[in-house]
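Heads up, the thing below is written out as structure tokens.
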Amino acid sequence: MPLGLIALAIGAFGIGLTEFVIMGLLPEVATDFGVSEATAGWLISGYALAVVVGALLLTALTIRLPRKPLLLGLVVLFIIGNVLTAVADTYAIAMVGRIIAALDHGAFFGVGSVVASGLVRPEKKAGAIAIMFTGLTAANVLGVPFGTFLGQQLGWRSTFWAISLIGVIAFIGIAALVPAQRGAQQQVSLRAELGAFRSGQVWLSLAVTVLAYGGMFGAFTYIAYTLTEVSGFASASVPWLLVLFGAGLVVGNWLGGKLADRSIDRTLLAFIAALVVVLVFFGFTAQWQIATIASLFLMGGFGFGTVPGLQSRIMQYAGQAPTLASGANIGAFNVGNALGAWAGGIGIAAGLGYTAPIWIGAGITVAALVVMGIAMATAKARSTASVSTAPELAHAN
């Protein structure tokens, strides 16, 4: 395994921890700033929307820059945002810190996906992307539970100081282990990268990403409230329950990457369908603790198991100009994150209870399944048409 993949995974760990750890600390953050649960949830949605802006704007503005220095600059932005969040004395300043930290997210994963896929043989691209995203899953298995525990014991700000330190370690790792890709950037142009968006499959892939990820996060954003208010777990148990969710992410990410290297579309269809089943089951059984434990693991597994395939699919249909499309897909993940958090918050604010986000998430995931089916059908029809016209053209010549 190329050592550069380890460095990218370190960066992904820090960024993933920034995104996800606040979900386990929402009650503490809401209390500290004197805001409602739904308002505190906007620290998640605001982050996600800033990721979209960064994924598109920063990637477009830096498309011709050498990738290694670009990745290092993005990590510096990440550190600045987390330090500001840690010292924030008002909700507004905390939101600014979250936005600054989020701006690097999409560009880092977008550029990092291209770098990771370039470090291995073509048939191993999805697996290489999965290795990079292992940092994201590790953030959930180890970082989020222990970050939540640290925040509960020493105050939520201590968690963001710890994340800032991880950012420094990530900077050192990338500087030492990611190889410079000399000459690769010279052939890249913004016009060529924008041309990738003429593909209907690129847009369908983006839609699937938004809906599939939005469905999972519709259920997960307010999971701390579901676990304590519906399932009856003590708040001290929340970090350890998040370990189960994180373990599901690890297994799903690994399995999804392996299967996507064989068939991207079939893997995505199967995992999204399974996620629908899991969310419906969770909605019916959230009051039972054993069923909740199983649902957390499976939700993480099938939800995050789509990530390597979704990222590989959009790069596949982007052809020779994958960087901006890859960044846009990272933005799409976070549009889904924001969609899920917003929709789940509306369900709670409407008085539908803390299982409402789960049912809303299930509905969003059904939409993802439908769009994925359309994408597969249109891709197959186009492939069949291309095959059928090839002999006719040969005969005409």
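So if I check each of A260, A273, which one is touching a residue at least 24 places away in the same chain (Cβ under 8 Å), among the small types (G, A, S) and either within 23 Å of A116 (Cα to Cα) or touching a Ser or Thr at 6+ places or on another chain (Cβ under 7 Å) (or both)?
After applying the criteria, what remains is A260.
State whether the residues of the stretch 89-112 include one that is of a type in the set (D, E, K, R) and modelled with pLDDT under 75.
no
Considering each residue of the stretch 368-379, count those that are more than 11 Å from Q201 (Cβ to Cβ) and surrounded by 17 or more Cβ atoms within 10 Å (Cβ to Cβ), and give that number.
Looking only at that region, the number is 4.
Taking the stretch 344-360 only, how many residues are assigned to a helix (DSSP H, G or I) and out of contact with any Ser or Thr (no Cβ under 9 Å at 6 or more places or on another chain)?
5
Could you tell me whether any residue of the stretch 263-271 is assigned to a helix (DSSP H, G or I) and closer than 23 Å to L103 by Cα?
Looking through the stretch 263-271, none of the residues is assigned to a helix (DSSP H, G or I) and closer than 23 Å to L103 by Cα.
Output the number of residues of the stretch 203-238 satisfying the condition of being under 18 Å from P145 (Cα atoms), surrounded by fewer than 20 Cβ atoms within 10 Å (Cβ to Cβ) and either within 13 Å of the chain's Cα centre (by Cα) or not aromatic (F, W, Y) (or both).
Number of matching residues: 5.
Can you name the condition, by its number, that A30 falls short on among (1) surrounded by 24 or more Cβ atoms within 10 Å (Cβ to Cβ); (2) farther than 28 Å from G127 by Cα?
All conditions pass for A30, except number (1).
Residues A260, A270: which one is surrounded by fewer than 24 Cβ atoms within 10 Å (Cβ to Cβ) and either touching a helix residue (DSSP H, G or I) at 6+ places or on another chain (Cβ under 9 Å) or among the basic types (K, R) (or both)?
Answer to the selection: A270.
Does at least one position in the stretch 98-113 carry a residue that is hydroxyl-bearing (S, T, Y) and surrounded by 23 or more Cβ atoms within 10 Å (Cβ to Cβ)?
Scanning the stretch 98-113 turns up at least one residue that is hydroxyl-bearing (S, T, Y) and surrounded by 23 or more Cβ atoms within 10 Å (Cβ to Cβ).
Within the stretch 63-178, considering only helices (runs of 4 or more DSSP H) that don't extend past its boundaries, which have at least 1 residues that are touching a helix residue (DSSP H, G or I) at 6+ places or on another chain (Cβ under 8 Å) and farther than 17 Å from F20 by Cα?
By residue number, 67-87, 91-118, 125-138, 156-177.
Are any residues in the stretch 348-367 surrounded by 22 or more Cβ atoms within 10 Å (Cβ to Cβ) and not aliphatic (A, V, I, L, M), and if so, which ones?
The answer is T355, P357, G361, T365.
Given the condition under 17 Å from A224 (Cα atoms) and either small (G, A, S) or touching a Leu at 6+ places or on another chain (Cβ under 8 Å) (or both), answer yes or no: does some residue in the stretch 361-369 qualify?
Yes, some residue in the stretch 361-369 is under 17 Å from A224 (Cα atoms) and either small (G, A, S) or touching a Leu at 6+ places or on another chain (Cβ under 8 Å) (or both).
So which residues in the stretch 277-296 are part of a helix (DSSP H, G or I) and either surrounded by fewer than 21 Cβ atoms within 10 Å (Cβ to Cβ) or of a type in the set (D, E) (or both)?
V277, V280, F281, G283, F284, T285, Q289, I290, A291, I293, A294
Only residues in the stretch 328-345 that are surrounded by 24 or more Cβ atoms within 10 Å (Cβ to Cβ) count as the first member; pair them with residues that are among the aromatic types (F, W, Y) and not in a helix (DSSP H, G or I), Cβ under 9 angstrom, at least 6 apart or cross-chain, and list the lot.
What qualifies is A341/Y222; G344/Y222; G345/Y222.
The values are calculated or read from the model by the stated rules, or taken from the named source; none is laboratory data. Here the structure is a predicted model, which is why all the values come from computation and not from measurement. Heads up, the Cβs are rebuilt from the backbone with ideal geometry, glycines too, and the neighbour counts pull from every protein chain shown.
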